[in-house]
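Student: The structure that follows is given in the form of structure tokens.
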Amino acid sequence: MKKLTVSAMVLASTMMTVPAFAGDDHRIVDEPVEFTVHLHNKRYHYSEDWPVEQKAREVTGVHLKGATFGINTPSSKEAHNLMLASGDIPHIVGGDKIKNMVNEYGPQGAFVPLNDLIDEHAPNIKAFFEKYPEKQAAVSAFDGNLYYIPYLPDGKYGRAYWIRQDWLDTLGLEVPQNVDELYEVLTAFRNQDPNGNGIKDEVPYFVRQWPELLRLVTLWDGRSSGSDTAHDFHVADGKIQHGYAGEGYREGIKNIAKWYAEGLIDAEVFTRGSSAREYLLSENLGGMTHDWFASTSGYNISLKDKVAGFNLDVMAPPASVSGKRIAEHRRIPVKPDGWAISHTNPDPVTTIKYFDFYFTEEGRRLANFGVEGLTYDLVDGEPIFTDEFKAKGPINSSLYQVGSQVQRGYFQDFNYEKQWTNPSALEGIALYDAGDYLVDQFLGVAFNEEEQGIYDKKWSQIETYMLEKQQAWVLGSSDVEADWDNYIKTLDKMGYNDVVDAMQSAYNRQYGDS
């Protein structure tokens, strides 16, 4: 396959001498060995010229040759399908969203089960899964085997509630502590001209994505979301449930619709989209939102000279009608990304040893921070990005270009992100951590063939119906109270309970009966 083009920065960096590791010898083989690899991501494709790959090759003796399919498509699923259709599966298959593929075709023989290989030849991966057995359960297939080593994000918190502290100060208000106080504050934002322009143009509550609006149902003890991979299912007392079929959701939607009708929620919430945050904050119109810690905190810097007194601050989740403070959004601890060993691989033992290298201290540091002396220096034993590397541009993008933070199977280190996260965001994370607001996360299930058939046949139409009703209720073209009984009956007719039963069966098998 034609060698992939890499950026000028990477080409320049490969001309430099790559410093040697100090400490343990990570050599896996006496003589160099070579494996082909498919590693697809919409942001990058595997390159042998990555300095991280060069360093891993040097210290382990294992050389990966790029054989990535679908380099012209941003869709990893499409790229994986092209690879499978070719019949020429590389020795190692990885990248975005490989979980469903390997867990479907692994039991059929396309990918190698890893359980015994890990037990016998990968002590660091074995120790990790012994410490976090729930993560192994989350990525295992229905037959109980593990077919890929996942990318494992670090850190707990993703999004939070943010409020204009300068507007609160202008109006003499305190940070709202519960749902009733929140209603009063948003009403004041609408009515009392906190931006001081003499026009009633404030947008009290706005979001960039529809799911972030739905998180408000938690203020009435509903659930809007399980996790990014579980299609809004969650587990309560060992039972699979869906947020959009619960009584708390019903009450929450009723009140969100009321707030929308009263102008407390952005009238263009369905059309403004990803531009909402940038536009409404920079124009001094937006009062409160729910968004990412790191990126949202940056507006305190970027707008300090444009919007007088601008102060956007993290606030704790307001207490619900029953007094609960709930944060639903968290970083998923196990991603459907990573890498697997295909049936064409001539030496699975050496390959799993190579995978295990990235779970050593040195290998994990390589995967997270890049190459010492090139991207970071060790300061008091901690990897600190160099000023020269930080000056190249956004840290994430620069790391991709050297082969770090790419979705091989490895355990992320949040300290890499902490170095370029705004201090106000770190203070917000500490606030959420102290309050312990996060709800338990459901990581999904691995279906057998029968369960998959039920899910595939019925769920898509059910989910579409749920979302259509949701939008109609919030916009006011329909009434949730009047519709609710028929809504539940329609879900039943469409097979909602069949889907839940299939998921419950898979859940009990995968995680143990509760």
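Student: Answer with yes or no whether P317 is under 21 Å from the mean Cα position of the chain (by Cα) and more than 22 Å from Q412 (Cβ to Cβ).
Tutor: yes
Student: Counting only residues that are at pLDDT below 85 and in contact with a strand residue (DSSP E or B) (Cβ under 8 Å, 6 or more places away or on another chain), how many does the range 42-66 have? Write out each step before concluding.
Tutor: Filtering the range 42-66 for residues at pLDDT below 85 gives 42-45.
Cutting the leftovers down to in contact with a strand residue (DSSP E or B) (Cβ under 8 Å, 6 or more places away or on another chain) gives us 45.
The total comes to 1.
Student: Right, next: If T296 satisfies every condition in (1) assigned to a loop (DSSP other than H, G, I, E, B); (2) more than 27 Å from Y465 (Cα to Cα); (3) modelled with pLDDT under 95; (4) open to solvent by less than 50 Å² (accessible area, probe 1.4 Å) but one, which is the exception?
Tutor: (1)
Student: May I pose another question? Please name all residue pairs, on different chains or six or more residues apart, with Cβ atoms under 7 Å, provided the first residue is in the range 403-414 and is under 19 Å from H45 (Cα atoms) and the second residue is of a type in the set (D, E, K, R).
Tutor: Within 7 Å, the pairs are G403/E53; Q407/D96; Q407/D337; Y410/R364.
Student: Look at the range 123-135 and say how many of its residues are under 23 Å from K97 (Cα atoms) and either of a type in the set (S, T, Y) or modelled with pLDDT of 95 or more (or both).
Tutor: 5
Student: Can you find a residue that is open to solvent by less than 40 Å² (accessible area, probe 1.4 Å), within 24 Å of S320 (Cα to Cα), of a type in the set (F, W, Y) and part of a loop (DSSP other than H, G, I, E, B) anywhere in the range 434-448?
Tutor: Yes; the residues of the range 434-448 include at least one that is open to solvent by less than 40 Å² (accessible area, probe 1.4 Å), within 24 Å of S320 (Cα to Cα), of a type in the set (F, W, Y) and part of a loop (DSSP other than H, G, I, E, B).
Student: Pull up the range 36-88, narrow it to residues that are among the hydrophobic types (A, V, I, L, M, F, W, C) and within 22 Å of H26 (Cβ to Cβ), then point me to the one that is surrounded by the fewest Cβ atoms within 10 Å (Cβ to Cβ).
Tutor: V59
Student: G109 is checked against (1) over 20 Å from the mean Cα position of the chain (by Cα); (2) more than 20 Å from T36 (Cβ to Cβ); (3) of a type in the set (G, A, S); (4) open to solvent by 10 Å² or more (accessible area, probe 1.4 Å) and fails just one. What number does that condition carry?
Tutor: (2)
Conditions tested, residue by residue: (1) over 21 Å from the mean Cα position of the chain (by Cα); (2) surrounded by fewer than 18 Cβ atoms within 10 Å (Cβ to Cβ); (3) in contact (Cβ under 8 Å) with a residue 40 or more places away in the chain.
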position	(1), (2), (3)
W210	no, yes, yes
S224	no, no, yes
G252	yes, no, no
A257	yes, no, yes
I265	yes, no, yes
L281	yes, no, no
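Student: Identify all residues within the range 53-84 that are without any contact (Cβ under 8 Å) to a residue 40 or more places away in the chain and of a type in the set (D, E); write none if there are none.
Tutor: Matches in the range 53-84: E78 only.
Student: I would also like to ask the following. For the range 321-375: of the residues being farther than 16 Å from F129 by Cα and of a type in the set (K, R), which is most open to solvent (accessible area, probe 1.4 Å)?
Tutor: K324
The values are calculated or read from the model by the stated rules, or taken from the named source; none is laboratory data. Here the structure is a predicted model, which is why all the values come from computation and not from measurement. Please note: Cβ atoms are built from the backbone with ideal geometry, for glycine as well, and neighbour counts cover all protein chains shown. When the accessible area is computed, the model is the full protein with side chains, heavy atoms only, and any ligands, DNA or RNA have been set aside. Shrake-Rupley method; radii C 1.70, N 1.55, O 1.52, S 1.80 Å.
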